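Let me begin by presenting the structure, written as structure tokens, before commenting on it.
The values are calculated or read from the model by the stated rules, or taken from the named source; none is laboratory data. Given the structure is predicted, the values throughout are model-derived calculations rather than measurements. Here the Cβ positions follow ideal geometry from the backbone for every residue, glycine too, while neighbour counts run over all protein chains shown. Keep in mind that these areas ignore ligands, DNA and RNA; they rest on the heavy atoms of the full protein, side chains included. Shrake-Rupley method; radii C 1.70, N 1.55, O 1.52, S 1.80 Å.
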Amino acid sequence: MRRKSSLSWGFFPRSYQSTLFLSRACSFQTGFMAVILMGIFFTFPVFAQTNVDIVPRFASLRANEVNLRTGPGVRYPIIWKYLRQGLPVEITAEFEHWRRIRDWQGEEGWIHRSMLSGQRTLIVTDKTRDLRHRPRSDAPVIARLSPGVLGTINHCEDMWCFVEFSDHEGWLSRNEFWGIYLDETIE
């Protein structure tokens, strides 16, 4: 009496069974190589991105309403709610899809990365500041900026940055706003 094989080949005739076995073995090897190559392919971009995600760095709020939480996840309580799109924040740590941030007043907490933008913005601090026509302290004044006004950083030269506000653009000294490091280069 003949014993049945533990492998069931279904309705294929016996002459095709060896061909099917070779075919399955080849597809296993091909599949194994595909998995290895995919692993290499998907791992490489992680190494390529490491110099992009430097911590600490500045970013800005993407939405008009953003929740600041005590920890990196939705199960953590909300400690603050930002209601200003474009507000600059400093990213101080990362955990999976969450970023620990610090705002211009020193408040710290966690925000989901989807609520952040790479656009570089600024907030005028302390007192009324003069927006200048050229990057010099004796240059003509274009506008006077009140504390709390938000703008966009275009580029910086030495201690001056060319910035844009809703109706004006001009030069502002780095120490007159928050949203950039003193030694940082923005082109």
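Miscellaneous remarks
- Dimensions (Å) - region 71-159, Cα atoms, principal axes, largest first: 52, 23, 18
- Amide H contacts under 5 Å for I142: L131, R132, H133, restricted to partners 5 or more places along the chain or on a different chain, H placed in the peptide plane at 1.01 Å from N.
- Dimensions (Å) - region 108-183, Cα atoms, principal axes, largest first: 43, 24, 21
- Restriction of the trypsin sites (Lys or Arg not before Pro) in region 102-187 to DSSP coil positions whose beta-carbon has at most 10 other beta-carbons within 10 angstrom yields K127.
- Extending 7 Å from the Cα toward the beta-carbon at both F95 and Q119 defines two label points whose distance is 2.9 nm.
- For region 70-128, the per residue solvent-accessible surface stands at 57 Å², with DNA, RNA and ligands left out and a 1.4 Å probe.
- Förster radius 22 Å - calculated FRET efficiency between E187 and H133, Cβ distance, rounded to 0.05: 0.55
- Cα-projected label distance for H112 with N64, points at 7 Å along beta-carbon direction, nm: 1.9 nm
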